[in-house]
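See below for the structure under consideration.
The values are calculated or read from the model by the stated rules, or taken from the named source; none is laboratory data. Fair warning: this is a prediction, and the values are worked out from it, not measured in the lab. Cβ atoms come from the backbone with ideal geometry, glycine included; neighbour counts cover every protein chain shown. Side chains included, ligands, DNA and RNA excluded: accessible areas come from the protein's heavy atoms. Shrake-Rupley method; radii C 1.70, N 1.55, O 1.52, S 1.80 Å.
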Amino acid sequence: MSTKSQEKQLITLKSWDEEEFVVEESVAVKSETIKNIIEDCGLELIPLPNVDGKTLAKVIEYCTKHSTGSNDDSEDLKKFDDEFLDSKEIPVLIDIVLAANYLNIESLVEKICTKIADRIKDMSVEEVREAFKIENDFTPEEEKKIRNEHAWAFE
Amino acid sequence: MSCGSSLLLALPDDIFTIVTRTLTPRDVCNLCLCCRSLYALGVSDKVWLTQCNVLDIVPQRDLLEWRKGVSSYRALCQFLVCVQPLIGIWVHQNPELGNVVYVMPGFISVVGCRIIPQELGPLGLEDGPILWAPVFEIVGDADGSAAFFLHGRDKETDYFYPGSLKAVDRTCNVLLLEVEPKQQRNGGKLVHSKSFAHHLDKELSRRICRSDSGISKSERVDGQNASSMVPFNKLSFGDRRKLLDIVTSQVRLKVPESANGLLFASVTGGNDDEKFRQDMVYLCERRSLLMQMYKLGGVCNDGEDDPLMHPPDPTQLDLSEIRKSLDRSSGFRSSLLNGGNDNGWTHCSSNKKKTLTGYFRDSLKQILGKSNSSISSSNRQNSKNSSSSGENSNKHAQLHEFLRTGDTIGLTLHASSVRLSFYRAWPNMHDSRFALYKLPMHAPAVGQEYAGLWGGTFGWPPGKPSEEKPGKALFFLLLSYEESQGKRQLIGTKILEGTHYVLHPNGSAMFIVNINEPSHEAFPWDTDGDSHPLDVRQAFTGEGIANGYGFRYPGSRPGSLFVIQDELLAFIWKESKAVLTMQRLNLQELLKKGERVPALPPIANFSYLTKSYSNVFAGFTNTSNGLSSPR
């Protein structure tokens, strides 16, 4: 359904915990999923059962910044992205990437994955375990065996 | 969220794979070590296919084919990471016409191909096949471990010379052909000498194996690399040569017809699908055959199944043979040998009750004198002597010390990182090492548009031979940039020359031009050979090589480098008006379409150390192209 060129169509997005967000259509369609729903069903109120309100707010913040009509300075955008993502704890990043995946916002998924990878890169096993709150459930023998298996990667 | 690991585990496979895309293999391995669930996620084929893709050694299409011969993409990644530093151009000073070995991917392998000094045929560089000979292959096993095969030819027969690959230094710049003593391998690979295999029964061999299995891998490695071990490179040239001769004369496998075809695909996937598929099938079978030969020492003969006769480890030669050969061949008998004890080690059978290691130690004692400790003391004593016999004893002691650390010896490829000095773009090379040296190659970049490998010929129009000159010598030039006295220079270093007798030393700069100094010379021609108008983009001033003081010290004369349409370079000598035209080479593509010619005998095939100014690689009859014949 095409919008009238001058008017800005507004869409309401509703999270599973009943929070509603009113956004411009141009912002909402950054999500391929939402775009398809609008095109197929022409809804103005879209329920999103897989996203909670807190996370949806952050996703909308990202999409808003990345859809301002003018071609924003790419330097500025990059700065926003870095600040937006670096400031978030890992559990929050995971929530956002899962939401972005569900909503099919490819650029956001890629960026978050890179940021998560940055938190793993060049770290020792112990550091990764601590950052991601992982419990070691290997026996010492198992761990030794796996280290041997992967010795080639550490040369 | 309860447990932290559910953070990463909450990610669907695809997302997890995207996360791992920017991680190194080491990081992924660390992830696998975190906990069981992450291990299961982290070892998946999806994650490791991504890792293999990131390495960018072969396109994904090839990876999908290679997967059929390995146990997992993780194993494939292990192999690729191992051999990646070997890929590139390796050179040697000798012969002066050029010794260029290009190491490129094969099929679950990398192949070292020597480009033969040659002339361009009538079809030019694009369509005329380039001549090359196989030097070595490093093939990956199903578990990702690597096997080394040296290629060589002896009396009209092609052979593989199997050996091991030492852990490859990531920053390696020298490839050394060496001999390495080893402890008996276990895990089912038994080492027997043919002469006493029938004396050892299966029980004894199994007992030896079992006692080894308790030792962890790292401990075994430490045992081999005892600090007292003399490295191969410390031995005298004569000893190194001798050891290589002995091993290559005894440890070799005839190349079966079925394995003497392609070493790598003849087309790039996507260009000719049918041919590509056929090549993949052939290469897959060939590689299985090679691995079988590597482990069993020959093609398996069905119907012969003698459980007592385990085949000897085809990459190793037991040392009793060596000591015989060494002592026989060059009068090694020095003051260290006890007179009259020759009999001690020639009759192996008399010691059948002892274990193998005990046996070797005993015979060695007899060769080296009453006790082992006498070696080091006599070493010290001898080194103080200035007499030649003292030096000889020292060298013999070194050789025996070298051989002492194992019961077998075998061929090994050692990719190591050494301090190399360069003269402009060419490494300064140690004369007596059986080595190939890495040529640092830079990809074109901003400000370095013409860096890389170019192929050139003399004369105009470029590439096609004329009536008067039926064969045009093919030159390989490496173009690189250098800062010198405030000037940015573009240097064209000659690494291969297709003439019959070399004009200038290997590694000479054919031209050096100043990037900041445009030339005002006019390009002598308006059109190319096909009468298309020429678009001369740029011209630089500089100097081109000329005869100087003897062969070793060429001079230079003024000239200009012209850039024509970005794909063609032409250097013209101002006075003589000689023209050297160059175009970029994609060596991998050229070799795929190339024509294979026979190799040399194994050691010479790896590193030809005898000084030569002519084409030593062309000792055979053929071919469609004109081949510069040896004098």
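Considering only residues of region A:143-153 that are open to solvent by less than 50 Å² (accessible area, probe 1.4 Å) and at the interface with another protein chain (Cβ under 7 Å from one of its Cβ atoms), which is farthest from B:Cys34 (Cα to Cα)?
Restricting to residues being open to solvent by less than 50 Å² (accessible area, probe 1.4 Å) and at the interface with another protein chain (Cβ under 7 Å from one of its Cβ atoms), the top hit is A:Trp152.
Among the residues of region B:56-80, those identified as open to solvent by 30 Å² or more (accessible area, probe 1.4 Å) and either within 26 Å of A:Glu142 (Cα to Cα) or part of a helix (DSSP H, G or I) (or both) are B:Gln60, B:Arg61, B:Leu64, B:Glu65, B:Arg67, B:Lys68, B:Ser71, B:Arg74, B:Gln78.
Of the candidates B:Gln60, B:Gln93, the single residue that is of a type outside the set (A, V, I, L, M, F, W, C), closer than 20 Å to B:Ala265 by Cα and more than 12 Å from chain A (Cβ to nearest Cβ) is B:Gln60.
Across region A:118-136, the number of residues qualifying as under 28 Å from A:Ser15 (Cα atoms) and buried (at least 19 other Cβ atoms within 10 Å of the Cβ) comes to 1.
The selection criterion, being among the β-branched types (Val, Ile, Thr), surrounded by 16 or more Cβ atoms within 10 Å (Cβ to Cβ) and facing another protein chain (nearest Cβ under 7 Å), holds for A:Ile94.
Can you pull out every residue in region B:81-104 that is surrounded by fewer than 23 Cβ atoms within 10 Å (Cβ to Cβ), of a type in the set (S, T, N, Q) and closer than 30 Å to B:Val616 by Cβ? Those that are surrounded by fewer than 23 Cβ atoms within 10 Å (Cβ to Cβ), of a type in the set (S, T, N, Q) and closer than 30 Å to B:Val616 by Cβ: B:Gln93, B:Asn94.
Considering region B:33-43, and only residues there that are under 15 Å from B:Leu11 (Cβ atoms) and either in contact (Cβ under 8 Å) with a residue 24 or more places away in the chain or open to solvent by less than 10 Å² (accessible area, probe 1.4 Å) (or both), the residue that is farthest from the other protein chains (Cβ to nearest Cβ) turns out to be B:Leu41. Number of residues in region B:99-119 that are outside any strand (DSSP E or B) and more than 15 Å from B:Ile87 (Cβ to Cβ): the value is 4.
Could you look through region B:36-55, keep only residues that are assigned to a helix (DSSP H, G or I) and β-branched (Val, Ile, Thr), and pick out the one that is nearest to A:Ile146 (Cα to Cα)?
Ranking the qualifying residues of region B:36-55, first place goes to B:Val47.
With respect to (1) surrounded by fewer than 20 Cβ atoms within 10 Å (Cβ to Cβ); (2) at pLDDT 95 or above; (3) of a type in the set (A, V, I, L, M, F, W, C), the lone exception for B:Ala197 is condition (2). Scanning region A:62-90 for residues that are within 14 Å of chain B (Cβ to nearest Cβ) and surrounded by 15 or more Cβ atoms within 10 Å (Cβ to Cβ) turns up A:Leu85, A:Lys88, A:Ile90.
Condition test on B:Ala578, is it farther than 30 Å from B:Gly152 by Cβ, open to solvent by 30 Å² or more (accessible area, probe 1.4 Å) and of a type in the set (A, V, I, L, M, F, W, C)? Write out each step before concluding.
Details: farther than 30 Å from B:Gly152 by Cβ: yes; open to solvent by 30 Å² or more (accessible area, probe 1.4 Å): yes; of a type in the set (A, V, I, L, M, F, W, C): yes.
So B:Ala578 fits the description; yes.
Only a single item in (1) outside any helix (DSSP H, G or I); (2) among the small types (Gly, Ala, Ser); (3) buried (at least 18 other Cβ atoms within 10 Å of the Cβ) is not met by A:Ala100, and it is number (1).
Hand me the list of strands (runs of 3 or more DSSP E) wholly inside region B:451-559 holding 1 or more residues that are open to solvent by less than 20 Å² (accessible area, probe 1.4 Å) and farther than 28 Å from B:Leu123 by Cα.
On the way: elements: B:452-458, B:475-484, B:487-497, B:509-518, B:536-548.
The strands (runs of 3 or more DSSP E) meeting that bar are B:475-484, B:487-497, B:509-518, B:536-548.
Here region A:114-142 is the region considered, the condition is being of a type outside the set (A, V, I, L, M), within 7 Å of chain B (Cβ to nearest Cβ) and assigned to a helix (DSSP H, G or I), and the residue that is nearest to A:Ile96 (Cα to Cα) is A:Thr114.
For region A:103-113, a residue qualifies if it is touching a Lys or Arg at 6+ places or on another chain (Cβ under 9 Å) and open to solvent by 60 Å² or more (accessible area, probe 1.4 Å), and exactly one does: A:Asn104. Checking each residue in region B:21-32 for being assigned to a helix (DSSP H, G or I), out of contact with any Lys or Arg (no Cβ under 6 Å at 6 or more places or on another chain) and either of a type in the set (D, E, K, R) or more than 7 Å from every other protein chain (Cβ to nearest Cβ) (or both) picks out B:Arg21, B:Arg26, B:Val28. Hey, among B:Phe107, B:Phe136, which residue is out of contact with any strand residue (DSSP E or B) (no Cβ under 6 Å at 6 or more places or on another chain), buried (at least 24 other Cβ atoms within 10 Å of the Cβ) and not small (Gly, Ala, Ser)? Exactly one residue qualifies, and that residue is B:Phe107.
The residues on offer are B:Arg153, B:Arg170, B:Arg207, B:Arg185, and the sole one that is at pLDDT below 50 and of a type in the set (Lys, Arg) is B:Arg207. Looking only at region B:274-284, decide whether some residue is among the polar types (S, T, N, Q) and open to solvent by less than 40 Å² (accessible area, probe 1.4 Å). No, region B:274-284 contains no residue that is among the polar types (S, T, N, Q) and open to solvent by less than 40 Å² (accessible area, probe 1.4 Å). Looking at B:Thr50, B:Thr17, just one residue is hydroxyl-bearing (Ser, Thr, Tyr) and within 10 Å of chain A (Cβ to nearest Cβ), and that residue is B:Thr17.
Of all the listed residues (A:Cys113, A:Cys63), the sole one being within 10 Å of the chain's Cα centre (by Cα) and either more than 28 Å from B:Cys29 (Cβ to Cβ) or at pLDDT 90 or above (or both) is A:Cys113. Considering the conditions (1) farther than 16 Å from B:Leu38 by Cβ; (2) at the interface with chain B (Cβ under 7 Å from one of its Cβ atoms), A:Ala100 is excluded by exactly one of them, (2). For region B:160-173, enumerate the residues that are surrounded by 21 or more Cβ atoms within 10 Å (Cβ to Cβ) and part of a strand (DSSP E or B). B:Phe160, B:Tyr161, B:Pro162, B:Gly163, listed by residue number.
The single condition among (1) part of a helix (DSSP H, G or I); (2) buried (at least 20 other Cβ atoms within 10 Å of the Cβ); (3) within 14 Å of chain B (Cβ to nearest Cβ) that A:Val59 does not satisfy is (3). State which residue pairs qualify: first residue over 20 Å from B:Ile603 (Cβ atoms) and inside region B:434-448, second residue open to solvent by 70 Å² or more (accessible area, probe 1.4 Å) and in a loop (DSSP other than H, G, I, E, B) in any location, beta carbons under 7 Å apart, and separation of 6 or more residues or different chains. Filtered contacts from region B:434-448: B:Gln448/B:His442.
Please enumerate the residues belonging to region B:44-65 that are without any contact (Cβ under 8 Å) to a residue 12 or more places away in the chain and polar (S, T, N, Q).
B:Asn53, B:Gln60
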